[in-house]
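Everything on this sheet refers to the single structure shown next.
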Amino acid sequence: MAKILIFPSNSLILSDLVARFGHEPLTLMRVIRKKITEVGIDSPPINVTPEDPKKGLKYAAVDVPSGVRGRMALLDPLIEEAEAAIIVHEADYSFGCMGCARTNELVKYIVRNKDIPRLELVYPTNDDEARVFVRKIRDFCESLTHKAEVIA
Amino acid sequence: MASDEITKMVVLAESSPILPSELALRAYELSTDAVVKETCYGLIVTGSEQAVNETIEELRKLDPSGIFVKDRGFPPGDSRRCRAVRGGGPRPGFHQLEKESAILPSISYGLETIEDPLDVKQQKKRDKLKIDRFIEIIEEQSKEDVNG
């Protein structure tokens, strides 16, 4: 079972399909859960620990808007753990402020530079595109399973 | 909430014949330790990881290609997310769910037909228009215009 970074990282469809095809989706919701349930961490918005800015600074300089660094602090554990990635473009709901837009660009850039298997797709808009979409994700997940078996 | 508890959202595709109330009834029948909340899109299931996963595994059997599951960070009714406490308005995450729900029937269809070969006719439709055919269309159209 490989840990697959999905982008958009809160996608219902991607997390479901990855889990359905036998792998572990790395989603933002797990990071959020940790942030709000771990003992010793306060409730939002004062749950920023001293470690978070350091994580953000790994990816972006200090003069980059704090929104980008804050978001990168949440996404850091996902990027670190990722053994493969599925990136979906043209997701309407990932549209947002400049902090969101730049973070989205930065995450895609970091994943592309990481030496991991990667699948890039576009969100389907009809049944035929959805069939191809599902099939490509299935084939990608199966290729990861075969790869893991060969290494073992 | 204990930190070992997890929460998952069960979302029904519009094309699914199952109703959220049927899902909730089935979840109660299972009598696991998971707590279930019925919503307009499906269910929120919360509890220990084992109980939640067992419940979802059984629920999926009702409609394997029409039931979708994802993690949720906040437990149900959490005051930091609950609209009753925050003064109304869409719950954070609602717009994402709304957008993705719209294409769930297509994804569901994709899962149902995953083993079927892709339709050759549909693939042909997407091919670019051949230049010969394009010239024919222009000639036909110009003849019609002259006659008309």
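Values quoted throughout were computed directly from the atomic coordinates according to the rules given, and no laboratory measurement underlies them. None of these values were measured; they are calculated from a predicted model. Cβ sites come from the backbone with ideal geometry, for glycine too, and all protein chains shown count toward neighbours.
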For the protein assembly as shown, alpha-carbon Rg and Dmax in angstrom:
22.6, 84
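Over all residues in A:133-142, what is the mean tally of Cβ atoms on other chains that come within 10 Å of each residue's Cβ? Could you put the intermediate results ahead of the total?
Details: counts 4, 10, 6, 0, 2, 4, 0, 0, 0, 0.
For this peptide, the per-residue mean of nearby foreign Cβ atoms is 3.
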Taking B:Lys99 as the anchor, which aspartates and glutamates have their alpha carbon closer than 19 Å to its alpha carbon, excluding any fewer than eight residues away along the same chain?
A:Asp16, A:Glu90, A:Asp92, A:Asp127, A:Asp128, A:Glu129, B:Glu14, B:Asp71
Calculated [θ] (222 nm, deg cm²/dmol) that DSSP helices of n ≥ 4 give over the protein assembly as shown, each run adding -39,500 (n - 2.57):
-16500 deg cm²/dmol
According to the Cα gyration tensor, what semi-axes, each the square root of 5 times an eigenvalue, does the equivalent ellipsoid of chain B have, listed from largest to smallest in whole Å?
48, 20, 13
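Neighbouring Cβ atoms within 10 Å as the yardstick, rank B:Val35, B:Val52 fewest first.
Ordered by Cβ neighbours within 10 Å, fewest first: B:Val35, B:Val52.
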Are any of the pairs A:Lys34/B:Lys70; A:Lys58/A:Lys108; B:Lys37/B:Lys70; A:Lys35/B:Lys8; A:Lys34/B:Lys8; A:Lys136/B:Lys70 more than 18 Å apart by Cα-Cα distance, and if so, which?
A:Lys136/B:Lys70
Report, as an integer, the average count of C-beta atoms from other chains found within 10 Å of each Cβ along B:76-83.
1
Scoring only Lys, Arg, Asp and Glu (+1, +1, -1, -1) among other residues with Cβ under 15 Å from the Cβ of A:Met98 yields +1
Over its alpha-carbon atoms, chain A yields an Rg and a Dmax in Å of 16.3, 49
